[in-house]
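The values are calculated or read from the model by the stated rules, or taken from the named source; none is laboratory data. On a predicted model such as this, the values are computed, not experimentally measured, just so you know. Here the Cβ positions follow ideal geometry from the backbone for every residue, glycine too, while neighbour counts run over all protein chains shown.
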Amino acid sequence: MKYLGAIVLMSMICSICAAAPSGLPSFVIPDCLGVNIHFMGTETRQVNQIASGGFRFIRMDFSWVHIEKKKGEYDFKPYDELVDSLAARGIRPLFILDYANPLYDNDMAPHTDEGRAAFVAFAKAGVIHFKGRGVLWELWNEPNGGFWRPQANVEDYVKLAKLVYPAIKQADPDCLLLAPALAGWDYGYIENAFKLGLLNYTDAVSLHAYGAPKPDDAAIYYSKIRSLIRKYAPTGREYPIISGEWGYSCFSKGISAERQGEYIIRSFLTNIMSGCRLSIWYDWHDDGPNPDENEHHFGTVDLNYNEKPAYIAMRTLSTELNGYAFSKRLWVDADDDYLALFGKDGDYRMAVWTTGEPHTVSVPLDVASADIVSLTGERKHVDVKNGKLNVNLSGAVQYIEPAEKSRRWALESAWDVTAETAQESDGTVAKVSSKISGIDAKGEISVSADGLKSSKAKVVILPLKAEKTETSSSYVWDGKPDARVQVTLSVEGMDQPLVRIVELDTSACPRIDVLPPAGRDLLIAVHRASGPSSPRLKGELILGNVNGLRLDKDSAPFELGPGQDNITLHLKTTQLPASIFSFTCRLVDDKGNNIVRIPTRRYALVETFADGRSGDNIQKYRIDLDGDPKVPGDAKLTYVTAPSGAPAGVCAKLDYSFGAGWRFVRVSQAARIPIADKPRWVKVWVKGDGGTGSARLRLDDSGNQTFQPDLGVLNFTDWRCLEADMTGANCGHWGGKNDGKMSYPISWNTLFLLDNTGGREQKGTIYLGPVMLCYD
């Protein structure tokens with residue numbers, strides 16, 4: 001009988017395996033959520049606990065060295081056991097095709113024809129063996145870091161992808177390959193990979209958003225990667241984004257276990273709201289007992305598999321939103337507040353939290369009562385009063401479950417609103433499109449925004465029909481990057497209108513960019529969206545309310561021909577600009593229409609790097625080599641005659657060299673220099689060297705917290721004006737409260753920081769010009 005039982009069990013497993021889904025998971029909770037593991041074999045206890053927590057994917061090394069111990073022979077038994085065990089609990093694997101094998105290429109990453117051919121054969125054998133068993137495949141792990149030995153090499157990685165992709169597609173046309181499993185916000189590496197053709201040899205782009213100061217900031221990262229995908233993708237192809245690994249450690253110098261519980265859910269929800277089709281948390285369990293070791297405490301359970309707050313929070317998420325898909329983010333008064341609406345079969349629930357200070361918000365709701373469920377599953381029943389549900393927001397996600405179906409929330413889900421600008425013969429217009437589908441509603445829409453000539457435009461929403469309704473009004477942009485439109489939907493029979501705050505796509509608007517001055521020249525760039533059919537744009541730049549400048553003229557004509565996207569205007573001054581100056585400016589087209597109007601803004605010139613003698617070392621700044629002291633490095637800062645295209649005749653030259661590893665150089669003042677008031681941006685003239693290094697700066701606030709804004713990757717060789725956010729938002733921070741909220745006054749910690757992103761060995765020379773702060 002025991003043999004019969006074994007046969008029945010094996011038949012069950014085989015039927016589960018045969019029925020395994022392929023491709024990306026359904027985009028609902030928890031199907032699209034998973035966790036990294038570090039084990040093979042059956043491991044029934046661990047697999048059961050992973051399943052009970054709500055994880056539906058695991059990510060695991062598909063280790064070449066453990067599978068091919070003799071050339072051409074592959075042992076998949078431990079992985080067979082793992083896949084069978086996972087399938088019995090409805091969990092799918094994402095296997096990472098990695099790492100080196102001592103049988104080839106001296107145990108380094110594949111870089112010879114023999115090594116690459118052997119790796120391709122191993123990958124193809126694995127895909128054939130697990131065909132039809134629901135496996136997703138990923139090419140390597142973090143090849144831009146230390147996992148590609150002896151050091152990261154984007155050319156060799158893409159060469160491998162070009163061989164692996166067609167081979168495994170021939171073995172199983174339905175298999176999916178993910179790449180490049182990028183570590184951190186390494187825009188330089190991934191753009192170089194795209195330039196080399198990686199997007200022709202992957203089905204999805206896999207990312208690891210380590211470096212996001214808080215989970216919600218990763219939305220910015222994904223947006224930037226998507227812009228790079230659009231730039232380099234083959235015509236007609238789309239690439240989903242996968243968050244293949246990401247987590248926060250709760251070691252002694254990191255976040256608390258409770259905060260880790262908040263972050264796992266906010267990571268998953270941020271990924272889902274950003275369109276990441278699969279999200280994998282790192283890690284399943286803690287890897288060691290040392291409280292001071294970062295790598296030991298990423299787990300959702302501890303070394304003894306006791307549940308940490310992160311595990312409990314995940315179980316709550318997978319229970320409360322089981323089968324629900326993301327619908328809309330509803331806007332309230334503060335950008336820090338998140339009201340994420342999820343739907344399933346006409347039923348709606350909401351996940352709510354804030355990245356700001358805890359406070360109460362009133363959530364419109366048209367039912368008598370609702371349950372509010374805490375991050376860890378505690379439930380309380382609350383009455384809705386006067387159509388509002390009061391909720392105390394904090395960094396811990398809560399779930400709102402109406403006691404009955406909400407027509408209001410169904411309408412919110414069905415209502416899509418977009419807003420964009422366009423250039424027409426009589427100037428700029430803002431076009432707002434509104435669409436309601438699948439619901440019976442009748443009412444009217446009003447639109448308002450700063451800069452609209454007509455503050456409101458009303459239209460009627462027809463019942464039962466999914467028709468798009470558009471309004472259009474003349475618009476003058478004020479130059480702020482976060483321009484928004486408020487759209488109000490008043491529905492018959494509903495006490496309170498629906499209000500949607502949508503970002504206005506201002507990409508069609510001409511843009512005014514005030515650059516750090518060049519000697520006695522005030523530099524202002526005029527940009528506009530360009531394309532093959534872009535018409536000529538002609539007009540005048542006009543300044544007003546000028547202080548701190550003595551201009552020859554307060555206006556300058558400009559003309560942008562077809563296909564020309566920018567022009568830099570030089571407004572002459574009779575003497576060098578004051579250290580602080582201000583003015584208003586506007587663009588007027590050749591028909592007299594105001595098309596951009598910037599209110600008074602203040603600018604502070606911090607440094608010119610033009611006040612020394614060519615060849616001299618720059619003594620007023622300290623050159624600090626930072627990072628791992630075991631990694632070799634060198635740097636030197638001197639005055640030089642500026643290369644062609646510079647904003648001034650003399651500039652700073654920064655020569656640097658880094659060994660492989662964590663190393664960077666900081667250009668710092670001898671003492672902390674205070675910064676007046678609350679600057680919004682910093683702008684720096686830089687001539688890059690075409691490398692992969694990243695430029696940053698550092699600020700200290702009055703609460704002993706350090707912020708590190710990002711200026712960008714120096715993968716260019718001309719002079720460019722780089723810009724960074726000075727508000728402390730969306731950048732790395734540490735020390736003090738370590739909460740990402742900047743306490744004023746602030747001061748300079750590092751005027752310029754050059755980082756060898758990805759720890760790659762490199763050397764080169766960059767040039768630095770004037771540095772300027774910009775205030776609202």
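Under the condition of being more than 19 Å from P309 (Cα to Cα), in contact (Cβ under 8 Å) with a residue 60 or more places away in the chain and in contact with an Asp or Glu (Cβ under 8 Å, 6 or more places away or on another chain), the residues counted in the stretch 357-380 number 1. Of all the numbered requirements in (1) within 24 Å of R45 (Cα to Cα); (2) buried (at least 23 other Cβ atoms within 10 Å of the Cβ); (3) of a type outside the set (F, W, Y), P289 misses one, and that requirement is (2). Restricting attention to the stretch 599-623 and to residues that are aliphatic (A, V, I, L, M) and buried (at least 18 other Cβ atoms within 10 Å of the Cβ), the residue that is nearest to S747 (Cα to Cα) turns out to be V606. All of A556, A529, A604, A578 fail the test of being under 29 Å from V650 (Cα atoms) and part of a loop (DSSP other than H, G, I, E, B), apart from A578.
Can you pull out the residues in the stretch 406-454 that are of a type in the set (D, E, K, R) and either assigned by TED's automatic domain parsing to the domain that holds N594 or not in a loop (DSSP other than H, G, I, E, B) (or both)? R407, R408, E412, D416, E420, E424, K431, K435, E444, listed by residue number. The single residue among V631, V640, V650, V665 that is farther than 27 Å from K480 by Cβ, at pLDDT 95 or above, surrounded by fewer than 22 Cβ atoms within 10 Å (Cβ to Cβ) and among the hydrophobic types (A, V, I, L, M, F, W, C) turns out to be V640.
Scanning the stretch 663-689 for residues that are in contact (Cβ under 8 Å) with a residue 60 or more places away in the chain and more than 17 Å from V771 (Cβ to Cβ) gives R663, F664, K678, D689. Please indicate, with yes or no, whether at least one residue in the stretch 698-712 is in contact with a helix residue (DSSP H, G or I) (Cβ under 7 Å, 6 or more places away or on another chain) and closer than 22 Å to Y210 by Cβ. Within the stretch 698-712, not a single residue is in contact with a helix residue (DSSP H, G or I) (Cβ under 7 Å, 6 or more places away or on another chain) and closer than 22 Å to Y210 by Cβ. For V686, indicate whether it is farther than 22 Å from Y221 by Cα and within 28 Å of the chain's Cα centre (by Cα). Answer is yes for this residue. All of (1) closer than 30 Å to T316 by Cβ; (2) in contact with a strand residue (DSSP E or B) (Cβ under 7 Å, 6 or more places away or on another chain) hold for A419 with one exception: (1). Only a single item in (1) within 27 Å of I312 (Cβ to Cβ); (2) free of Cβ contacts under 8 Å to residues at least 12 places away in the same chain is not met by T44, and it is number (2). More than 27 Å from H570 (Cα to Cα) and either without any contact (Cβ under 8 Å) to a residue 24 or more places away in the chain or in contact with a Leu (Cβ under 8 Å, 6 or more places away or on another chain) (or both): does that describe V485? Yes, satisfied. Evaluate the following for V588: is it under 25 Å from L753 (Cβ atoms) and either assigned to a loop (DSSP other than H, G, I, E, B) or outside the structural domain of S474 (by TED's automatic domain parsing) (or both)? When the stated conditions are applied, V588 does not pass them. For the stretch 705-743, give me each residue that is acidic (D, E) and in a strand (DSSP E or B). Answer for the stretch 705-743, where residues must be acidic (D, E) and in a strand (DSSP E or B): D710, E723, D725.
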